[in-house]
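*Asks:* I'd like to ask some things about the structure below.
The values are calculated or read from the model by the stated rules, or taken from the named source; none is laboratory data. Fair warning: this is a prediction, and the values are worked out from it, not measured in the lab. Neighbour counts are summed over all protein chains in view; Cβ atoms, including those assigned to glycine, are modelled from backbone coordinates with ideal geometry. What goes into the accessible areas is simple: the full protein's heavy atoms, side chains included, and nothing from ligands, DNA or RNA. Shrake-Rupley method; radii C 1.70, N 1.55, O 1.52, S 1.80 Å.
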Amino acid sequence: MLFLNAIFLLWLQLAHAASIISRSTSYPLNSRSNTLGPQTNLIISNKVISPDGFTRSATLAGGTFPGPIIAATKGEKFAINVVNRLTDGEMLKSTSVHWHGISQNRTNYADGVSFVTQCPIAQNHSFLHSFEAGNQAGTFWYHSHYATQQCDGLRGALIIYDPEDPLSYLYDIDDETTVITLADWYHIVAPVLSHMIGVNGNSTIINGLGRYQGGPESDLAVVNVEYGKRYRLRLVGMSCDPNFIFSIDNHNLTVIEADGELTEPLLVDSLQILAGQRYSVVLNANQPVNNYWLRALPNTGGSNFNGGLNSAILRYTGAPVADPTTNQTKSTMALVETNLHALINPGAPGIPEYGKADINLRMVINNTGGVYSINNVTYKPPTVPVLLQILSGAQDATELLPKGSVYVLEANKVVELTMINLNIGGPHPIHIHGHNFDVVQSAGNNSFNYVNPVRRDVVSGGFQGQQMVIRWVTDNSGPWFLHCHIDWHLDAGFAVVMAESPSETQQHLGVIPNAWDNLCPIFDSLTPAQIGAQNSYQEAQNITTLLFPPS
């Protein structure tokens, strides 16, 4: 906490720091007007906001934090034109947007990952992401995938509704007012923080609002419910770092979805949600009409709920407009991942024995001086996107850059990945693009489940000395990122690229739009001033000596 206070005080001396105000000007997601359809312009721009009462410039989608909900119906086509209108040189002025959890089958070039599937979109340019989600439905999200830019605010929910949801009998209401986003927020811009070893957020932001230690009693988000009705709450863990323990005082929750995959209903009274994860939970509004604390405790040392920190409000119709006075009770039914089971087509692919997949991978995670490595290799983004390398003729792991960080996988094979946490803390949220996977061994659990494991796209890599095991099928040709979803760790090298059947990628993708080909020449021509954040290292030096070497 002393370290955070020191950062805060020193940052006030920097040129772009702003004053504290008493009321937030953020735009709560509970407003019904902040929703876009699947075919839309998504404007990326800078705006001064104060989601927790502290004012700073941010990088936003649609001018809000979080960005507008993008809502679609199962089977609808997406055509999202990302328009870059960034101007603030304290932050990055190019951008990219990734559609987290969407498999992008046959549209790898629309995945939005800088230097893996595309070059960033330069200032005053745009790129149209056209893709289909096939049979996918559920709770997804979008965020910048360019360095640590999402930590400056570029993140939002993406929901695909299923009119024939087989679990719809469990709930009455499922709309934009029942989307709950959980985020961390920083009072210092991300390019400065990215040079520091060991970064903690200043506040937890729920649906765009929150409070920070020592700050004003700014507005908190309110989730409105009516007695007697059942609500599908879609929880989106869009933090850059912490995981949250989510609970609502005096209410149990029924989990019915994990990361866009329906689960057998499971009753819990609290759940841990890692960065990048999503859950749908059914809340039965059957308690006395009142205000109840909705809690999201981050795994940051010293976190508490004092004065409304890390909290929002569940308000029944008819309750007074006031902060709750309810008390948190000890959790007795916390979510355990091994108790979650896929509802549809359960069962991991391949021979149901450990090590009996077609391709068996073993990845050992390490950390030295804040720098991460996988099998002794630290990921450093190449200057030429991996997809462009493949389309230009590179096919083998020895040809593809970054050297040692690209794993070539044959098509239509069952992959079993064992990830071992050698000596680092945790839990680390591990995400793979282009696929979901079956979690056949959860970290910290000795048993394997090939019969009906949970299926998802972000899983805990565990704590020191633990391992997790996942399986998927290589049925989606292209380069796919696998990485820790703590942005600071990804930026420090915690990633690899899975190059899936490179020889078939061109045929699998078909015609790639000319606008994609133009992204790299435009980006490569930018000057340092046009890229932005030129003085970020010097500003970091003014704050702390715990820095990575300059790059």
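*Asks:* With the contact rule set at Cα under 8 Å and sequence spacing of 6 or more, what percent relative contact order holds for the chain?
*Replies:* RCO, the chain: 16 percent.
*Asks:* If I model a spin label at Asn345 and Lys403 as a point 7 Å from the Cα along the Cα→Cβ vector, what separation in nanometres do I get?
*Replies:* For Asn345 paired with Lys403, the spin-label model returns 4.1 nm.
*Asks:* If you take the square roots of the eigenvalues of the alpha-carbon gyration tensor of segment 480-551 and sort them as a ≥ b ≥ c, do you get rounded (a/c under 1.5), prolate (a/b over b/c) or oblate?
*Replies:* In terms of gyration-tensor shape, oblate.
*Asks:* Continuing with this model, one more query. Which distance in Å, rounded to a whole number, links the C-alpha centroids of segment 53-124 and segment 158-178?
*Replies:* 25
*Asks:* In addition: Given labels modelled 7 Å from the Cα in the Cβ direction, how far is it in nm from Asn252 to Thr73?
*Replies:* Each label point is offset 7 Å from its Cα along the Cβ direction, giving 3.5 nm.
*Asks:* Compare the peptides 282-293, 511-522, 421-432, 241-252 by average per-residue count of other Cβ atoms within 10 angstrom and give them in order, highest first.
*Replies:* Descending mean neighbour count gives 241-252, 421-432, 282-293, 511-522.
*Asks:* Kindly report the accessible area of the chain per residue (heavy atoms of protein chains, probe 1.4 Å, no ligands, DNA or RNA), in Å².
*Replies:* Ligands and nucleic acids excluded, the result is 37 Å² per residue.
*Asks:* Could you pull out every one of the aspartates and glutamates with an alpha carbon less than 12 Å from that of Lys93, ignoring same-chain neighbours closer than 8 positions?
*Replies:* By straight Cα distance, Lys93 reaches Asp152.
*Asks:* Per residue of segment 453-468, in order, report the coupling 6.51 cos²θ - 1.76 cosθ + 1.60 (Karplus, θ = phi - 60°) as ³J(HN,Hα) in whole Hz, putting x for Gly and Pro.
*Replies:* Each residue of segment 453-468 in turn: x, 5, 10, 6, 10, 9, 9, 5, x, x, 9, 3, x, 9, 9, 10 Hz.
*Asks:* Taking the Cα centroid of segment 392-468 and of segment 356-386, what is the distance between the two, rounded to the nearest whole Å?
*Replies:* Rounded to whole Å, the Cα centres lie 10 Å apart.
*Asks:* List the residues, sorted by chain then number, that are 5 or more residues from Val223 or on another chain and whose placed amide H is less than 5 Å from its amide H.
*Replies:* Amide H neighbours of Val223, under 5 Å, 5+ apart: Ile313, Leu314, Arg315.
*Asks:* Using the Cα centre of segment 57-179 as origin and beta-carbon charges of +1 (Lys, Arg) and -1 (Asp, Glu), tell me which of Thr177, Cys119, Ile102 is placed farthest towards the positive end of the dipole.
*Replies:* Checked the options; the winner is Cys119.
*Asks:* Shape call for segment 400-515 from the C-alpha gyration tensor, a ≥ b ≥ c root eigenvalues: rounded (a/c under 1.5), prolate (a/b greater than b/c) or oblate?
*Replies:* oblate
*Asks:* Hey, can you rank 169-180, 335-346, 465-476 by average C-beta count inside 10 Å, highest first?
*Replies:* Result, highest mean first: 465-476, 169-180, 335-346.
*Asks:* Can you bin segment 181-299 into rounded, prolate or oblate? Criterion: square roots of the alpha carbon gyration tensor eigenvalues sorted a ≥ b ≥ c, rounded for a/c under 1.5, prolate for a/b above b/c, oblate for the rest.
*Replies:* It is oblate, given that a/c is not under 1.5 and a/b is not larger than b/c.
*Asks:* Provide the FRET efficiency to the nearest 0.05 for the Gln464-Thr332 pair, computing r from the beta carbons and using R0 = 30 Å.
*Replies:* Calculated value: 0.60.
*Asks:* With the dipole of segment 415-543 worked out from charges on the C-beta (+1 for Lys and Arg, -1 for Asp and Glu) around the Cα centre, which of His435, Phe448, Leu526 lies farthest toward the positive end?
*Replies:* About the Cα centre, the residue reaching furthest to the positive side is Phe448.
*Asks:* In the neighborhood of Asp396, defined by Cβ-to-Cβ distances under 15 Å, what is the net charge if each Lys or Arg adds +1 and each Asp or Glu adds -1?
*Replies:* Residues close to Asp396 contribute a combined charge of -3.
*Asks:* While we're here: Taking 0.36 nm per residue of sequence separation and subtracting the Cα-Cα distance, how much length would be gained by fully extending the chain between Gln39 and Asn286, in nm to one decimal?
*Replies:* Residue separation times 0.36 nm, minus the Cα-Cα distance, leaves 85.1 nm.
*Asks:* Continuing with the same structure: Using 1/(1 + (r/R0)^6) with R0 = 45 angstrom and r between the beta carbons of Gln507 and Ala322, what's the FRET efficiency to the nearest 0.05?
*Replies:* My answer for the efficiency is 0.15.
*Asks:* Go ahead and run the numbers for FRET between Glu164 and Glu264, Cβ-Cβ distance against an R0 of 25 Å, rounding to 0.05.
*Replies:* Given R0 = 25 Å and the Cβ-Cβ separation, E is 0.90.
*Asks:* Could you calculate the contour length gain from Thr544 to Ile197, that is, 0.36 nm times the residue separation minus the distance between their Cα atoms, to one decimal place in nm?
*Replies:* Net length gain for the segment: 124.0 nm.
*Asks:* Here's another thing I want to ask about it. Under a point spin-label approximation (7 Å from Cα along Cα-to-Cβ), what is the Asn412-Asn376 distance to one decimal in nm?
*Replies:* A separation of 3.7 nm, rounded to one decimal place.
*Asks:* Over segment 454-551, with every protein chain in place, what whole percent of the accessible area is carbon and sulfur at 1.4 Å, could you tell me?
*Replies:* In segment 454-551, the share of accessible area belonging to carbon and sulfur is 51 percent.
*Asks:* Related question: The list [x] 0.91; [y] 1.31; [z] 1.04 gives values of Cα Rg over 2.2 N^0.38 Å, and only one came from this structure; which label was calculated from it?
*Replies:* After the calculation, the listed value that fits is [x].
*Asks:* Further question on the same structure: Can you work out the Karplus-derived ³J(HN,Hα) for every residue in segment 412-424? Use 6.51 cos²θ - 1.76 cosθ + 1.60 with θ = phi - 60°, whole Hz, and x for glycine or proline.
*Replies:* Going residue by residue, I get 6, 10, 7, 9, 10, 10, 9, 10, 10, 8, 6, 8, 10 Hz, with x marking Gly and Pro.
*Asks:* Given charges of +1 on the Cβ of Lys and Arg and -1 on the Cβ of Asp and Glu, with all other atoms neutral, how large is the dipole of the chain about its Cα centre, in debye to the nearest 20?
*Replies:* 700
*Asks:* In addition: With unit charges on the beta carbon (Lys/Arg positive, Asp/Glu negative), name the residue among Leu274, Asn243, Ser303 whose Cα is farthest towards the positive pole of the charge dipole of segment 241-322.
*Replies:* About the Cα centre, the residue reaching furthest to the positive side is Ser303.
*Asks:* Then there is this: With θ taken as phi - 60° and the coefficients 6.51, -1.76 and 1.60, list the Karplus ³J(HN,Hα) couplings across segment 307-323 in order, rounded to whole Hz; mark glycine and proline as x.
*Replies:* So the Karplus estimates, Gly and Pro as x, are x, x, 4, 6, 9, 9, 10, 9, 10, 6, 4, x, 7, x, 7, 7, 5 Hz.
*Asks:* Still on this structure, I have one more. Which value, in Å³ per residue, describes the convex hull spanned by the Cα atoms of segment 23-157?
*Replies:* About 99 Å³ per residue, rounded to a whole number.
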